[in-house]
Amino acid sequence: MADTPREPYVGRAMKRVEDPRLLQGIATYVDDLRLTGTLHAAFVRSPYAHARITRISTAAAKAAPGVVGVFVASDVNQACGIVPCAADMPNLKNPQHRALADGRVYFVGHAVAVVIARDAYTARDAALLVDVDYEPLPVVTDPEAAIKPGSPLTHPDLGTNVAFEWSMSTGDDAELERLFKSADRVIRQRMVHQRLTPVAIEPRGCVASYHRGEQSLTLWTSTQIPHLVRTLLPGMIGVPENKIRIVTPEVGGGFGSKLNVYIEEALCSHLAMRLHAPVKWIETRRENMSATIHGRDQIGDYEVAVKNDGTLLAIKSRTIADIGSYPQLLTPAVPTLTGLMLTGCYKYKAMRMDVTGVYTNKMSTDAYRGAGRPEATYLIERMADIVANELRMDPIRFRQMNSPTSSDFPFATACGLSYDSGDYHAALAKARRLARWNELLDTRARARKDGKLFGVGVSTYVEICALGPSKAMSAGGWEWGCVRIEFSGKATVITGSTPHGQGQETSFAQIAADRLGLPIEDVVVLHGDTNVSHYGRDTYGSRATVLGGTAIVMCIDKILAKTRTLAAHLLEVKPGDLTFEGGRFSANGKSLGWEDLAPAAYVAKNIPPGFEPGLEASSFFEPENFTFPFGTHIAAVEIDRETGETRIVKYVAVDDCGPQINPLLVAGQVQGGIAHSIGQVLFERTVYDEQGQLITGELMDYPLPRAHDIPEYVLGSTVTPSPSNPMGIKGVGEAGTIGATPTIANAVMDALYPLGVRHLDLPLTPEKIWRAIHLGEDDRGGARIPEADRSAPRYTTADVGEGALEVGNV
Amino acid sequence: MISAPFDYHRPSSLAEALSLLARHGDDARVLAGGHSLVPAMKLRLAEPRVLVDLSRVAELRGISEKDGRIVIGAMTTHAELASSSFLAAKCPLLTETAPQIGDIQVRNKGTIGGSLAHADPAADWPPVALALDAEMEVAGPSGSRMIAAAGFFTDIMQTALRPGEVLRAIRVRPTGPSVAYVKTEQKASGFALCGVAVVVDRAANRVSVAITGIAATPFRASQVERALEGGPLTAERIGEAARVAAAGAQLLSDMHGSADYRAHLAQVNVRRAIVRASART
Ligand SMILES: Cc1cc2nc3c(=O)[nH]c(=O)nc-3n(C[C@H](O)[C@H](O)[C@H](O)COP(=O)(O)OP(=O)(O)OC[C@H]3O[C@@H](n4cnc5c(N)ncnc54)[C@H](O)[C@@H]3O)c2cc1C
């Protein structure tokens, strides 16, 4: 054991222990599992967005050699229950989402039948032999048209397309109205947050195996939430929770798309029980595009009340959220997160948000990286620019005057949240410095003089992470962990959060190794198997490191306290006389390390009275509050005036997620998040036509950002610890996506400002920009910036003060 | 199967390939790099019963020079074309275009013959073949024949190849350095939303311009060519000529680009390509 104290692991940019197996192709994904006797499932899916099923003929498929069975709604729906929606949404009209379409299909990709065969190829071939007659019904695709009287109905049985209506406000609407009346101006803008397809590189898939002797079920599934699946599956298939084991082997990306319980998981489980054989299903890319949840898809009308000196008073939003055909696990909760963060970084005095959730004949929307917060940040930060423009104020100065200073924290927002800690001005100043702001403005001035379209954009952001305190969550927001010092003195760390690419096998080992004084190689982190990791609330909402990491710290502290009594007993000193350093308890020149203490605790022949053998502890960490990471991003873009193509020439991100356990992992999260935003801002959108056909159903038509779309990033950070947990950490999994979308959009709009373009909705495709430039088209006839204002300088070079800076890793 | 079932043959000579094609008639398709055919089979847009894989037919591969013409075997991959120093010197339009196709995997497998025979309206090789006045050397049951590029692309994904025929090689004349390929990508697929190939023949004082991606077939922008005939290639004349780039074309229109936008891109890219080509001396 090392005698010289070593530099702590926490804070070091360490490569992931996960990487070698992932990069060498020797990691195990669901599709790599080979169980003897496995049967394979293939789905027959609806080609119509809305239709009555008049006949299903399965005879030809059943007769095909190698086919074991073909199942339709009447065969399985009773046994597979109802797909759960866990969001707290009073008055939600829920159309009872069952395993297979029963008599009607409600979206393209809706599963109508499942074929089970001895191999995957036969299953797919036989699926083509299932003959379904459809009688097409009127289709609902436009959520705004859907709530007008006389619209066709997505679910005729519900009698309405409105899934729910939800409002939140600062409390006193009279005060809100008074603020709007007293405002010098009310500035309005409508914005569309387009629908996006998550496109995890590994599609979904699962293998279910039923153990008849034990009457227990094991489900291997590519999910972010094995524990939630274990809690929810019993309600669907009737196997008790304590006889269900969920395993997530390697998961190749989720981004929220695997934060769900899907029909395929219930069906494979049920059929494995019924057919006495393991049943496997691997999603195709086309299924992934059409039958795995989509994200975003809100349309908002926003109104901001402001004084002429730039003071923000109040904000109102009327939002339509396109739910798609069914509520999935958290669908109705997503726009409520937009509501919670509606006031962003700003000292609004009052807010109100009214959301109408609308059913349409499309795939369900649900949480997608950022889940409601990217929508909030995008709208509030676009509004900040639009308002500043209209007041002819410098957008940076405008942001500074309206955001809290570091001494205002904890900061109570108009949305009723208490932001834990922050120094928004420091992050803004640092981003400006890293961007070489004044030079950037000179570059812009020169470019404009040369007739080029050059723009700079800024966005500050604050997000809500570490979801969350149980009082604010529908099913417990804690996280669980367990730490065991093995007989050998090595440590096994078990977490109930379920990393799937975020790297907690590394960062949790860093935390544990430091606290236990062990070399990091002696720490193993286990997760993703409910027989090993008994409890958990899994990974979403940038929660795993804050909550799961803290649970690990709590376990270690329990173990240290217990081990201290053992060491004192063995060294014949008082517990209080011992020091613990470098993994050793010492007193009077004598010391014991884990390799001494662990065997003593397990052999248990010489232990203090009342000492329980073993060195293991588990903990549930219940946070008091969310955490609120924040930052400032800056982008500069150049637009090809002729083609409308945007090139990002500079990108600076300053993110504050509190102290960083592993800066390399933080950078990876931020970089990936910005890439997601580049896709959303510049080209991604999920398109259904008027018949509800998914036009972007494959990667030939749905554009993902590629390496050559990604500019070089300058990443910096500030460090403002959160008081809500002992490590002071905040979470960073979604920050990039939340900060970057408005930043890039603001930069593009700045480039178009001299042409008088006030606002364009995402994605800002070359053609859309070209139309705005050459044909004067704005989205839905939005107002143009008055001629006289177009040459007014947006952004000034005046020094806004760098403030005192805690310089993080730049 | 993911595709419909099929039989698979891998002949080692052209003669064998031709006889397999003759034997199986309409049921058979040749397989080159598979980067267009296999995706179509996976989606069951194509369901050939017999595949004749040309990957082992050595005589269909490689780049050579014969009678003052450059001869490129149909099975030569995009990657081989991209890295040929011979072509960089003799026909640089080919080496400029090849790296703009797909990604590394696509270029390592996809072939120039497959691309031309597939005749995707957004593919990059067809306009290059048109601008170079290439000749397609075709082998069939009754011997060989030549098809001029101008008559090769007959409709969307249709060519002048007859059943049982194999595209054997592409023949082009060497050019000088005054060439360019300018492409705007369809963002998702990477194919051309509008691609323009230009060859400036200084000796003959002539410009060849071909456009892909905006119509059902790639085409020679003959109105542009005519507008430039005889005079110097000044920025002004080029700009003026480029205005008619899409004139008369039956424009494609979809969510990736409206007809208006494609027509506009054609003008911009034609101008840029001619300017770029004429600056290369
Ligand atoms: C992800 C991706 C991106 C791509 N991006 C681009 C791009 O940017 N630009 C672009 O131009 N292309 C692109 N392609 C298409 C690619 O270049 C293909 O390789 C090419 O179009 C077809 O060539 P192949 O050798 O793969 O032919 P195959 O797919 O094997 O065959 C295509 C068709 O041609 C026929 N055929 C093939 N060879 C012959 C022959 N010698 N004689 C007669 N018939 C023949 C086949 O029977 C088949 O009908 C892309 C493809 C993919 C998968």
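The values are calculated or read from the model by the stated rules, or taken from the named source; none is laboratory data. Just so it is clear, the structure is predicted and the values come from calculations on it, not from any experiment. Don't worry about glycine lacking a Cβ; one is built from the backbone with ideal geometry, like all the others, and counts go over all protein chains shown. Keep in mind that these areas ignore ligands, DNA and RNA; they rest on the heavy atoms of the full protein, side chains included. Shrake-Rupley method; radii C 1.70, N 1.55, O 1.52, S 1.80 Å.
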Close pairs from segment B:188-200: first at the interface with chain A (Cβ under 8 Å from one of its Cβ atoms), partner of a type in the set (Val, Ile, Thr) and open to solvent by 10 Å² or more (accessible area, probe 1.4 Å), Cβ under 6 Å, at least 6 apart: none
Unique match (being assigned to a helix (DSSP H, G or I), more than 30 Å from A:ILE511 (Cα to Cα) and away from chain B (no Cβ under 14 Å)) among A:VAL748, A:VAL757, A:VAL681: A:VAL748
Residues satisfying the stated conditions in segment B:35-54, i.e. surrounded by fewer than 17 Cβ atoms within 10 Å (Cβ to Cβ), more than 14 Å from chain A (Cβ to nearest Cβ) and assigned to a loop (DSSP other than H, G, I, E, B): B:ALA46, B:ARG49
Breaking point among (1) surrounded by 22 or more Cβ atoms within 10 Å (Cβ to Cβ); (2) farther than 25 Å from A:PRO234 by Cα; (3) out of contact with any Pro (no Cβ under 7 Å at 6 or more places or on another chain), for A:GLY295: (3)
The listed residue being crowded, with 23+ Cβ neighbours inside 10 Å and more than 19 Å from A:LYS349 (Cα to Cα), out of A:ALA447, A:ALA435, A:ALA475: A:ALA435
Any hit, segment A:315-333, residues being under 20 Å from A:ALA735 (Cα atoms) and open to solvent by less than 10 Å² (accessible area, probe 1.4 Å): no
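From A:ALA617, A:ALA635, A:ALA667, A:ALA653, which residue is more than 14 Å from every other protein chain (Cβ to nearest Cβ), in a helix (DSSP H, G or I), open to solvent by less than 30 Å² (accessible area, probe 1.4 Å) and not hydroxyl-bearing (Ser, Thr, Tyr)?
A:ALA667
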Complete set of residues in segment B:94-143 that are small (Gly, Ala, Ser), open to solvent by 20 Å² or more (accessible area, probe 1.4 Å) and free of Cβ contacts under 8 Å to residues at least 60 places away in the same chain: B:SER142, B:GLY143
Exclusive hit being among the charged types (D, E, K, R) and free of Cβ contacts under 8 Å to residues at least 60 places away in the same chain, set A:ARG45, A:ARG34: A:ARG34
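Of all residues in segment B:67-78 being away from the ligand (no atom under 11 Å from the Cβ) and touching a residue at least 60 places away in the same chain (Cβ under 8 Å), which is most open to solvent (accessible area, probe 1.4 Å)?
This residue is B:ARG69.
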Residue tally, condition over 16 Å from B:GLU137 (Cα atoms) and assigned to a helix (DSSP H, G or I), over segment B:59-78: 1
Selection from segment B:245-262 of residues that are more than 8 Å from every other protein chain (Cβ to nearest Cβ) and surrounded by fewer than 18 Cβ atoms within 10 Å (Cβ to Cβ): B:ALA247, B:GLY248, B:GLN250, B:LEU251, B:SER253, B:ASP254, B:ALA259, B:ASP260
Residue check for A:PRO234: assigned to a loop (DSSP other than H, G, I, E, B) and at negative phi: no
Output for segment B:2-30, where each listed residue is open to solvent by 20 Å² or more (accessible area, probe 1.4 Å), assigned to a strand (DSSP E or B) and within 11 Å of the ligand (Cβ to nearest atom): B:ARG29, B:VAL30
Residue check, B:LYS42 of a type in the set (D, E, K, R) and away from the ligand (no atom under 14 Å from the Cβ): no
Failed item, numbered, when B:MET157 is tested on (1) touching a Pro at 6+ places or on another chain (Cβ under 9 Å); (2) within 14 Å of the ligand (Cβ to nearest atom); (3) closer than 27 Å to B:ALA88 by Cβ; (4) hydrophobic (A, V, I, L, M, F, W, C): (3)
Residues that are within 10 Å of the ligand (Cβ to nearest atom) and either assigned by TED's automatic domain parsing to the domain that holds B:PRO99 or buried (at least 24 other Cβ atoms within 10 Å of the Cβ) (or both), drawn from segment B:184-196: B:ALA192, B:GLY195
Candidates A:LEU560, A:LEU597, filtered to the one that is among the hydrophobic types (A, V, I, L, M, F, W, C) and open to solvent by less than 10 Å² (accessible area, probe 1.4 Å): A:LEU597
Qualifying position, being farther than 28 Å from A:GLU463 by Cα and either open to solvent by less than 50 Å² (accessible area, probe 1.4 Å) or within 14 Å of another protein chain (Cβ to nearest Cβ) (or both), among A:ILE729, A:ILE773: A:ILE773
Positions within segment B:79-135 being near the ligand (Cβ under 8 Å from one of its atoms) and part of a strand (DSSP E or B), in sequence order: B:THR111
Residue count, segment B:160-175 (criterion: open to solvent by 40 Å² or more (accessible area, probe 1.4 Å) and either more than 11 Å from the ligand (Cβ to nearest atom) or among the polar types (S, T, N, Q) (or both)): 2
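Any idea which residue in segment A:703-726 is farthest from A:ILE661 (Cα to Cα), counting only those that are open to solvent by 20 Å² or more (accessible area, probe 1.4 Å) and of a type in the set (Gly, Ala, Ser)?
A:ALA707
Rundown of residues vs (1) buried (at least 20 other Cβ atoms within 10 Å of the Cβ); (2) in a loop (DSSP other than H, G, I, E, B); (3) among the acidic types (Asp, Glu), yes/no style:
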| position | (1), (2), (3) |
| --- | --- |
| A:PRO84 | yes, yes, no |
| A:LYS93 | no, yes, no |
| A:ASP102 | no, yes, yes |
| A:ALA126 | yes, no, no |
